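Quick note: the coordinates plus some simple rules give every number you see, no bench work behind them. Note that this is a predicted model, so its numbers are computed, not measured. A quick note on method: Cβ atoms are made from the backbone with ideal geometry, for glycine too, and the neighbour counts reach across all protein chains shown.
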C-alpha cells in the first residue's frame with residue numbers, strides 16, 4: 001500500500017463530516033417555467049430531504065417557500081412575482097444551502113415590449129453546450145428555447161446530467177430552457193425523461209407538455225411536438241394550435257419544433273404541407289427548428305414561395321452534434337454547417353436576430369421591422385456584425 | 001395489315017384512350033406487368049395513375065391528415081422492341097403532375113414536368129410452354145435534378161431496378177383464371193444530402209374470368225402486396241429519411257390477351273388500390289389505367 005491512500009481516505013472522511021450526512025447536490029438548481037406568472041426551481045439530491053427556496057428582489061427582503069416532504073427530486077414553484085423583475089434566490093435542504101446564491105428573472109407582463117431570448121438545438125457532447133451556456137449566462141436573455149434532441153443518443157434518463165444539465169448548469173441556474181421533443185429524445189419511453197426533467201407550461205388539449213405555449217412580454221411562443229403527437233388536420237394539437245393562434249393578441253408569434261419544414265439538408269415535407277399554411281394564415285413571424293445540424297435562415301416564405309413577406313424559417317441545430325452537409329435551396333437566405341446558437345432581441349415593432357458561434361461571434365443577422373411598409377412585414381437583411389456575411393458559408 | 005399500319009392503329013387507339021381518361025378525370029398507376037414481345041415485334045405500354053393520399057402515417061402509426069387535397073398524377077409511356085428471341089430493349093418516358101390545395105392558401109399549387117427518362121431490358125428466360133413463365137426487367141432511370149417546391153415532380157436520384165415476374169406459361173394458361181406476381185428491387189445511390197435508397201416491392205394478383213368482351217375474357221383480379229424502403233421517398237417527394245413500409249390491396253379488372261402481342265393486339269386494365277398499415281408512408285387510394293399494345 002502506498003503512502004497516498006491513507007491520506008485520501010482521511011480527506012474523504014473529513015469532507016463527509018462537513019456536509020449534511022448522505023446529502024449532496026446531484027443536479028441544479030434549474031429554473032423552470034410552469035406558466036406565465038411563475039418560476040419553478042428544481043434540484044436533485046442524492047438522499048431524501050425537505051425542499052426550501054429563499055428568494056427576493058435584488059434589494060428587498062427574503063421570502064421563503066418550503067416543502068416538508070422528503071424527496072430527492074425537489075421542485076418549488078414561486079408565484080406572485082413582479083413581472084419582469086430580477087430576483088435572487090438560494091436553495092436549501094435541511095436548512096443547509098446547497099448551492100451558491102443566484103438570480104432569475106420573473107416572466108414578463110404582456111405590456112413589456114422589449115426582451116431577449118435564445119434558441120439552441122441538438123445539444124450533444126459537452127464542449128459546445130458548455131460554451132453556449134457561458135454565452136447565455138453572460139448575456140441578458142430571459143429564456144432559451146430548445147429545438148429538440150436535448151440528449152443523445154436516445155434521451156435516456158441516466159444521460160441527462162452528463163449530456164445536458166451539467167454542461168448547461170451555468171445558464172440553467174439563471175433562466176429556463178424550454179425544449180421541444182426531438183426524435184432522439186423520444187427514443188426512451190416516448191420522451192418521458194424529458195417531460196419529467198423539465199418544468200414546462202401545460203396545454204389545455206392534453207394532460208402533458210408535449211406541446212405547449214407561453215407568453216413572454218408581447219410575444220407568444222408555441223412549442224409543437226411533431227415527433228410523438230399527431231399534428232395533422234383534426235388532431236388535438238392542430239386544433240389547439242389554431243385556437244391559440246386565433247385568440248392571441250401578442251404582437252410577435254414564434255413557433256418551434258424539431259424537424260424543419262424548410263431546410264437545405266432535409267425538409268419535413270409533411271410539416272410543411274400541413275402546418276405552414278396555418279403559420280401563414282395567423283401571421284407567425286419566425287419558425288424555429290433543429291434536427292439538421294447546421295444553421296439556416298430562409299427568406300420570408302408565403303404560400304410555399306420565398307416572396308419577401310411571410311414566415312421566416314430558422315434552423316438552429318448546431319448545439320454540438322456532428323454537422324450536417326447540405327445543398328442550398330432557393331429559399332435559403334443563409335446556411336452554414338457551423339455550431340452555435342441564436343439570440344433574438346424584441347423591441348416593440350422591431351426584431352433583431354443574431355446567429356452566434358459558441359464564442360459569441362455573430363455570423364448572420366436579420367431585422368424584421370413591422371413599422372416599415374404598408375402593414376406588411378418586410379424582413380430586412382443586415383450585415384453580419386461578426387464578419388462579412390457570406391451566404392451559404394461553411395465553417 | 002402491315003407493321004406500319006398496325007402501329008398507326010395502336011397509336012390512335014392509345015391516344016384516344018388517353019384523351020378520354022383525361023376528360024373524365026380518371027387516372028392510373030405505374031404498371032408492374034412485364035410483356036416481352038415476340039422477336040421483331042413492338043410492345044407499347046401507356047399507363048396513367050392518380051394517387052390521392054389523404055394522410056401521412058409516421059413510424060408509430062400516427063396519422064397526419066392533410067388539411068387540403070394532395071394529388072399526384074403520373075403518365076408513363078413505354079416502348080420496347082424484341083431484338084432477339086425473348087429479349088427486348090425499351091425506353092420509358094414518364095410525365096408527372098402534382099398539386100396541393102389547402103383551404104388556408106390563397107391558391108392551389110401544382111408542378112408538372114418530366115421527371116427523367118428510363119431505359120430497360122426485358123428478358124423472358126425459359127420456354128413459353130412451361131407451366132410458369134419468368135420474365136425479368138432491368139431498368140436504369142435517369143432522373144432530372146432535384147427541386148424543392150411545394151410538391152415535386154422529380155427528386156434528382158437516378159434509379160436502378162430489377163423486376164422478376166412469374167406468370168402463367170402456356171401449359172398453365174387457362175381461359176378461366178389469370179394470375180401473376182412480381183418482385184421488384186430498386187436502388188438509388190446517395191445524393192448530396194440524402195442516403196441511398198433501397199426499395200423492395202412484392203405484388204401478387206389473381207382472379208377469375210367473369211365475362212367476355214369482344215371475344216376476349218374480362219378478368220377480375222384481387223391484388224395485394226407489400227413495399228419496404230429505406231426512406232419515405234414517394235411520388236418524387238422526400239417525406240422522411242427513416243424506413244418506410246406499407247402493404248396494399250385492391251382490385252384489377254383486366255381485359256385482353258396476355259402476352260400483348262397475341263391477337264387482338266390490345267389489352268386494357270383498370271385497378272383501384274389502397275395502402276394498408278403504412279408506416280412512414282403516405283396512405284390513400286391509387287387508381288390506374290393501363291393500355292398495352294403489341295404490334
Exercise for the section: Note down the nm distance, to one decimal, between modelled labels 7 Å out along Cα→Cβ at residue A:37 and at residue B:123. Expected result: 7.8
Practice task
Between residue B:52 and residue A:359, with labels modelled 7 Å along Cα→Cβ, what's the label distance in nm to one decimal, could you check?
Solution key: 5.8
Exercise for the section: Please tell me the relative contact order of region B:199-248 in percent, rounded to the nearest whole number, where contacts are Cα pairs under 8 Å and at least six residues apart. Expected result: 32
Handout entry: Ascending count of other beta-carbon atoms within 10 Å, so fewest first, for B:50, A:171
Key = B:50, A:171
Problem - Calculated FRET efficiency for the pair residue A:325/residue A:65, C-beta based, R₀ 41 Å, to 0.05 - result: 0.25
Problem - Angle in degrees between helix A:269-281 and the longest Cα principal axis of chain A, rounded to the nearest 10 - result: 80
Practice task
Using a Gaussian network model of chain A whose springs link C-alpha atoms within less than 10 Å, name the residue from A:343, A:242, A:68 with the highest mean-square fluctuation.
Solution key: A:68
Completion exercise
If each part is reduced to its alpha-carbon centroid, region A:140-168 and region B:187-262 end up apart, in Å, by 44
Exercise for the section: With a point put 7 Å past each Cα toward its Cβ, work out how far residue A:26 is from residue B:144 in nm, to one decimal. Expected result: 6.0
Exercise for the section: Return the whole-Å distance between the Cα centroid of region A:241-300 and the Cα centroid of region A:326-356. Expected result: 14
Exercise for the section: Measure nothing but the geometry: give the 0 to 90° angle between the long axis through the Cα atoms of A:127-138 and the longest principal axis through the Cα atoms of chain A, rounded to 10°. Expected result: 90
Exercise for the section: Would you work out the relative contact order for region A:114-380, in percent, from Cα pairs under 8 angstrom that are 6 or more residues apart? Expected result: 19
Handout entry: Using a Förster distance of 41 Å, the FRET efficiency for residue A:192-residue A:126 (Cβ separation, nearest 0.05)
Key = 0.95
Practice task
Would you work out if region A:22-105 is rounded, prolate or oblate? Take a ≥ b ≥ c from the square roots of the eigenvalues of the alpha-carbon gyration tensor; rounded if a/c is under 1.5, else prolate when a/b is larger than b/c, oblate otherwise.
Solution key: prolate
Handout entry: Within the protein assembly as shown, helix-based [θ] at 222 nm, where runs of 4 or more DSSP H residues each add -39,500 (n - 2.57), nearest 500
Key = -3500 deg cm²/dmol
Problem - Exposure proxy order (Cβ contacts within 10 Å, fewest to most) of A:31, A:44, A:132, A:368 - result: A:44, A:368, A:31, A:132
Exercise for the section: Assuming R0 = 25 Å, can you tell me the calculated FRET efficiency for the pair residue B:285 and residue B:108, based on Cβ-Cβ distance, to the nearest 0.05? Expected result: 0.80
Problem - Mean Cα-pair separation over length for region B:91-162, i.e. relative contact order, pairs under 8 Å, 6 or more apart, % - result: 30
Problem - Anisotropy class of the protein assembly as shown from Cα gyration tensor, a/c 1.5 cut - result: prolate
Completion exercise
Taking Cα atoms only, helix A:4-18 is inclined relative to the longest principal axis of chain A by an angle, in degrees rounded to 10, of 80
Problem - Cα gyration tensor shape for region A:114-380, rounded if a/c is under 1.5, else prolate or oblate - result: rounded
Practice task
Subtract the Cα-Cα distance of residue A:243 and residue A:77 from 0.36 nm times their separation in residues, and report this length gain in nm to one decimal.
Solution key: 57.0 nm
Practice task
Multiply the residue gap between residue B:274 and residue B:210 by 0.36 nm, knock off their C-alpha separation, and tell me the result in nm, one decimal place.
Solution key: 20.8 nm
Completion exercise
Footprinting proxy, A:215, A:350: sorted fewest to most Cβ within 10 Å, the residues are A:350, A:215
